[in-house]
Amino acid sequence: MKIRQRLALRFMFVSALITGTILIIIYFFTRGFVHADFIDRLTQQSSLEVLHYASPQVRDVMPSGTFNLVNPSISIFSESGTLLHRQGDFHIPDTWVTFLKTNDLFNAERGEYSTVGRKHVINGNLYLIFVSDKDLPGERELNFLLRAIIAGWIISLVLSYLTGLYFSGNALQPMKHVVNEVNQITQDNLGYRLKMDKDAASVDEIDELILTFNALLTRIERAFITQKRFVQNASHELKTPLTAIMAEVELALARDRSMEEYRRTLHVVLQETERLASTTQELLLLARLEERAHKTELDSVDVIEVLDRTLASFSLHHPEREVVKEGKTSAVYIQGNAQLLQTAFLNILDNAYKYSNDKIKITLTSKPKEIAITIRDFGIGIPSSELNQVRSPLYRGSNASTIPGAGLGLSLVDRIISVNNGQFEIYSEEGKGTACVIKLPVI
């Protein structure tokens, strides 16, 4: 069932409930009024009938049909309860007579009959009079009213449903426009945006939907561009070492070489193979982090110990590079993944080694709920216009094209720190160096 029909049915249901409640209230109020009016006419008829009985001359002045009763039954009793006069077929029980002796008023309903009993004193004599009758005109009026109410209620249901269809159709008309525009969007025109007929100061819910959808399209377009650039860069990074390997092998096979030349060729092939393997492993790790971001197991980890192990491994491979560590040295525990954190630290240190020839400075700053680890180099830095892009996979700074690398290091660090519930910040000035700050919540 479409939204338009659901809205129309809900509108019909609410209208039916409200209209039905009002009509029921009207019916019962009318029924009560009709019954009260009938009792009042019976009471007035009782006064008239006792006058007719005690003073017959009144009958000529006020006939019995004055109060619009159809076929009233009249019973007149003396003060002692003796039946003095009866007209009609309705029989008055003795209990009613006994009750009226000690009370001034009596009202009762039995079957279709309504009965009133009153005391009247005429010429010094006390009379007990009962008047009973069926309110046939009132019942006819109430039955007609009930049929009119039911018919009106049914008609109101139909009208409310049709009205609901009309107004919901008008309200949802802009949605059809949105759907038609969305259907025009394909992977070839992701730059297309839905149009709004109003300015931003008077937007309604449909306009908010359009704005939200346009924002979503912008994110999707950026994701497609990033993915396209990633594929292009990945292809280039994987193709470059393969091309170098093929060139060296073809050159070696072109003619006989000396043992030294073969050694040089194998050394180049080994270097390019290691480069290819490193790039592939980093790509796989990045893809794994993206896929299992919410499933990575985090344990209680001493981040200082992880950093020290990383520094020991780094110094083993680069003993010539000075690393200065300042700040807290005692254990600091976080909820994280030690292996991933070590990979992040090592990537930053490798970047600092590649892009500078000076010392590397590490500063630890501890707060009650956070520890900040700053790794600073004093190398070529990153152009300010490119700081927002260096976290993208396979992106390399314009001033780093001559230095070997795949452009995956900082994107891996950014994802790893995010998985460990931390923050990764980069501060850099071209020609003066770069500072990478890792902030992790302590436990």
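Mind checking which residues of the stretch 331-383 are among the small types (Gly, Ala, Ser) and either within 29 Å of residue 299 (Cβ to Cβ) or assigned to a helix (DSSP H, G or I) (or both)?
Answer for the stretch 331-383, where residues must be among the small types (Gly, Ala, Ser) and either within 29 Å of residue 299 (Cβ to Cβ) or assigned to a helix (DSSP H, G or I) (or both): 331, 336, 338, 344, 352, 366, 372.
Listed here are the residues, each with its yes/no results for (1) outside the structural domain of residue 29 (by TED's automatic domain parsing); (2) assigned to a helix (DSSP H, G or I).
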residue: 45; (1), (2): no, yes
residue: 91; (1), (2): no, no
residue: 101; (1), (2): no, yes
residue: 107; (1), (2): no, no
residue: 151; (1), (2): yes, yes
residue: 157; (1), (2): yes, yes
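Against the definition (touching a strand residue (DSSP E or B) at 6+ places or on another chain (Cβ under 7 Å) and either at positive phi or not in a helix (DSSP H, G or I) (or both)), how does residue 397 come out, yes or no?
No.
Being closer than 30 Å to residue 223 by Cβ, surrounded by 14 or more Cβ atoms within 10 Å (Cβ to Cβ) and in the same structural domain as residue 436 (by TED's automatic domain parsing), is that true of even one residue in the stretch 360-376?
yes
If residue 116 passes every condition in (1) modelled with pLDDT under 90; (2) of a type outside the set (Ser, Thr, Tyr); (3) more than 28 Å from residue 16 (Cα to Cα); (4) surrounded by 12 or more Cβ atoms within 10 Å (Cβ to Cβ) but one, which one does it miss?
Only one criterion is unmet by residue 116, namely (1).
One residue is enough: does the stretch 121-133 have a residue meeting the conditions touching a residue at least 40 places away in the same chain (Cβ under 8 Å), on the phi > 0 side of the Ramachandran plot and not in a strand (DSSP E or B)?
yes
Tell me the residue from 386, 370, 320 that is free of Cβ contacts under 8 Å to residues at least 12 places away in the same chain, of a type in the set (Asp, Glu) and on the phi < 0 side of the Ramachandran plot, please.
320
When the residues of the stretch 389-443 are narrowed to those that are in contact with a helix residue (DSSP H, G or I) (Cβ under 8 Å, 6 or more places away or on another chain) and aromatic (Phe, Trp, Tyr), which ends up surrounded by the fewest Cβ atoms within 10 Å (Cβ to Cβ)?
Among those that are in contact with a helix residue (DSSP H, G or I) (Cβ under 8 Å, 6 or more places away or on another chain) and aromatic (Phe, Trp, Tyr), it is 395.
Name the residue that is farthest from residue 401 (Cα to Cα), counting only residues in the stretch 233-272 that are at pLDDT 80 or above, part of a helix (DSSP H, G or I) and among the hydroxyl-bearing types (Ser, Thr, Tyr).
Checking each candidate, the answer is 262.
The values are calculated or read from the model by the stated rules, or taken from the named source; none is laboratory data. If you're wondering where the values come from, they're calculated on a predicted model, not measured in any experiment. A quick note on method: Cβ atoms are made from the backbone with ideal geometry, for glycine too, and the neighbour counts reach across all protein chains shown.
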